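A quick write-up on the structure given underneath.
The values are calculated or read from the model by the stated rules, or taken from the named source; none is laboratory data. Just so you know, these numbers come straight off a predicted model, no measurement behind them. Cβ: placed from backbone, ideal geometry, glycine included. Neighbour counts: every protein chain shown. Ligands, DNA and RNA are stripped out before the accessible areas are found, and what is left, the full protein with its side chains, is counted by its heavy atoms. Shrake-Rupley method; radii C 1.70, N 1.55, O 1.52, S 1.80 Å.
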Amino acid sequence: MSGPLHPLAAKIRSVPDFPKPGIIFRDITTLLKDSASLRSAVDALAEHYTGARVQKVACVESRGFILGAALALRLNAGFVPLRKKGKLPAAAIREEYSLEYGTDAMEVHSDAIARGERVLLHDDLLATGGTMSAATKLVDRLGASVVGISFLIELSFLHGRERLRGYDVFSVIQYEAE
């Protein structure tokens, strides 16, 4: 079940005017501190990709790591961190992407994902889709296949899913309006 009525939505704290006025921040720490809710979130994500033969779960820094590592274990897959530029110690490839005010970049170790591997991308939240679009480009450049893109939360009103057309995009909880 997905949508704002999903039982896990009640475990997410809404923080108004953070990080700036007019924004409602969806804080997952209140879900994470409850073991039953944490397990339910991982179960919901893993259930959607059971049978997809996922070999690696590549997760966006940093909140994506939290559920992503547990998801990788549940799917019997390896875990790959997608990091902010300059944070990886070995040879890496970089993908720059646009933000509302400027640009950013993410990197992955060049040897983290092998050509032909089946990769599930994960992050905690889908907003405009720019970060995850960059992640798909990194996986493509390594010659692997994106078998899906998962999120705990989707802010549907920002239409981020449109930037990820052609991929199996799954979110557990969807917010239709701010």
Would you point out the residue of the stretch 126-141, among those that are open to solvent by 20 Å² or more (accessible area, probe 1.4 Å) and of a type outside the set (Ser, Thr, Tyr), that is nearest to THR30 (Cα to Cα)?
ALA127
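Any chance you could count how many residues in the stretch 146-167 are without any contact (Cβ under 8 Å) to a residue 24 or more places away in the chain and under 15 Å from the mean Cα position of the chain (by Cα)? Write out each step before concluding.
Within the stretch 146-167, the subset without any contact (Cβ under 8 Å) to a residue 24 or more places away in the chain is 156-157, 165-166.
With the extra rule that they be under 15 Å from the mean Cα position of the chain (by Cα), the set shrinks to 156.
Result for the stretch 146-167: 1.
Does GLU47 satisfy being at pLDDT 95 or above, open to solvent by less than 90 Å² (accessible area, probe 1.4 Å), outside any loop (DSSP other than H, G, I, E, B) and among the charged types (D, E, K, R)? I'd like the intermediate steps shown before the answer.
Numbers: at pLDDT 95 or above: yes; open to solvent by less than 90 Å² (accessible area, probe 1.4 Å): no; outside any loop (DSSP other than H, G, I, E, B): yes; among the charged types (D, E, K, R): yes.
Taking the combined requirement at face value, the residue does not satisfy it.
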Among THR128, THR136, which is of a type in the set (Ser, Thr, Tyr), part of a helix (DSSP H, G or I) and under 16 Å from the mean Cα position of the chain (by Cα)?
THR136
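Going by the conditions given, is LEU155 at negative phi and open to solvent by 70 Å² or more (accessible area, probe 1.4 Å)? Walk me through it before giving the result.
Details: at negative phi: yes; open to solvent by 70 Å² or more (accessible area, probe 1.4 Å): no.
When the stated conditions are applied, LEU155 does not pass them.
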Condition check for PHE18: within 26 Å of LEU158 (Cα to Cα) and among the aromatic types (Phe, Trp, Tyr):
yes
What are the residue pairs meeting all of these: first residue in the stretch 62-83, first residue closer than 21 Å to ALA134 by Cα and touching a residue at least 40 places away in the same chain (Cβ under 8 Å), second residue surrounded by fewer than 24 Cβ atoms within 10 Å (Cβ to Cβ) and of a type outside the set (A, V, I, L, M, F, W, C), Cβ atoms under 6 Å, and 6 or more apart or on different chains?
ARG63/ASP124; GLY64/ASP124
Tell me, please, whether a residue that is touching a residue at least 12 places away in the same chain (Cβ under 8 Å), acidic (Asp, Glu) and within 16 Å of PRO81 (Cβ to Cβ) can be found in the stretch 106-115.
yes
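Residues checked against (1) open to solvent by 60 Å² or more (accessible area, probe 1.4 Å); (2) modelled with pLDDT under 95; (3) part of a loop (DSSP other than H, G, I, E, B):
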{"position": "SER2", "(1), (2), (3)": "yes, yes, yes"}
{"position": "LEU8", "(1), (2), (3)": "no, no, no"}
{"position": "LYS20", "(1), (2), (3)": "yes, yes, yes"}
{"position": "ALA36", "(1), (2), (3)": "yes, no, no"}
{"position": "VAL54", "(1), (2), (3)": "no, no, yes"}
{"position": "ALA58", "(1), (2), (3)": "no, no, no"}
{"position": "ILE66", "(1), (2), (3)": "yes, no, no"}
{"position": "LEU71", "(1), (2), (3)": "no, no, no"}
Could you list, in sequence order, all residues of the stretch 98-110 that are closer than 26 Å to LEU45 by Cα and open to solvent by 30 Å² or more (accessible area, probe 1.4 Å)?
HIS109
